[in-house]
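Here is the structure we will look at, set down as structure tokens.
All of the numbers you see were taken from the coordinates with simple rules; none came from a lab. Only a predicted model underlies this, so the values are computations on that prediction, with no experimental measurement involved. Cβ placement follows ideal geometry from the backbone for every residue including glycine, while neighbour counts extend to all protein chains displayed.
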Amino acid sequence: MLTAILSQPSRRARVDFAKAFAEIDGLFYARGLHAAKIDSSLAVARGRLGVAMAVKAFEGDRVSRAVVTHVSAAPLFASLSIVAHPKSNLDAPVLVADVRVIPSGVTHAFIDACGHVGDDFDALFRKPLSQTLDAAVASAVRRRRVPDWLDRVSSGAGARLSAAPGRGHVIAYALVRYVERWLDGVERAKEVGDAESARAAKAACDTIRANGRAATMVARAFGRDFSARWSSLVWNA
């Protein structure tokens, strides 16, 4: 019984975060992004209670910054999050995603595209992104609306997902495909006025920072200074 309780949550969930990280890394490089220089203390860190974090940032011609963060606290918790900002002059939303596995092996996630929604949004983002989540639900993954606070800045192409133990790989696959579809849209997005797009992106980022729990959890494990620097990297602050 004790062995079952303390087994790696990602193993019980059937989520290979290292593989998902590598696939997303490969997607970014394939689309012309390159690794952005970040402080080495943020790239790999160990905090309280055995919490470990790995962070990698990317940038490119049409993406101002994308940050992938993997956090683990074996044998209790593991997560992978992504925040990607298109260039402010593009008619494209900010990508936000977080997939986490809890000790029971249940996988939870929220995946969304937030901010600016222009004339081409349905064709470039809403339809392909929603179809990606529809496919996950068809594979026995539970889908719910994003929280009310996120719904205010959501594009309508996101959701909260949950998967029973042993089905987490379906959510991990959906995450990778969602990132791929978002990159497809960014590549084809039209240029718009900087001010309009930038205001929408800032409103979305401010809302998520104010209501999300990530910064608080990072502060508990690594301290407030570390959390502030990580948040600044993630949210282009």
> Taking Rh as the Kirkwood radius computed over C-alpha pairs, what is the Stokes-Einstein D of the range 11-155 at 20 °C in a medium of viscosity 1.002 mPa s, expressed in µm² per second?
Replying inline: 128
> Rounded to whole Å and sorted largest first, what semi-axes of the equivalent ellipsoid does the C-alpha gyration tensor of the range 5-91 yield via the square root of 5 times each eigenvalue?
Replying inline: 28, 15, 10
>> Would you report the distance distribution of C-alpha pairs in the range 93-237 as whole percents per 10 angstrom bin, up to the bin with the largest distance?
In response: 11, 37, 36, 14, 1
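Starting from the Cα gyration tensor of the range 140-209, take the square roots of the eigenvalues, sort them a ≥ b ≥ c, and report rounded, prolate or oblate (rounded when a/c is under 1.5, otherwise prolate if a/b is larger than b/c, else oblate).
Values: a/c = 3.30, a/b = 1.60, b/c = 2.06.
Since a/c reaches 1.5 but b/c is at least a/b, the shape of the range 140-209 is classed as oblate.
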>> Sequence gap at least 6, Cα distance under 8 Å: using those rules, report the relative contact order of the chain to the nearest whole percent.
In response: 21
>> Test of the criteria: in the range 191-237, which trypsin sites (Lys or Arg not before Pro) are in a DSSP loop and have at most 13 other Cβ atoms within 10 angstrom of their Cβ?
In response: Arg213
> What number, rounded to the nearest 500 deg cm²/dmol, is the helix-based mean residue ellipticity at 222 nm of the chain, given -39500 (n - 2.57) per DSSP H run of at least four residues and division by all its residues?
Replying inline: -12500 deg cm²/dmol
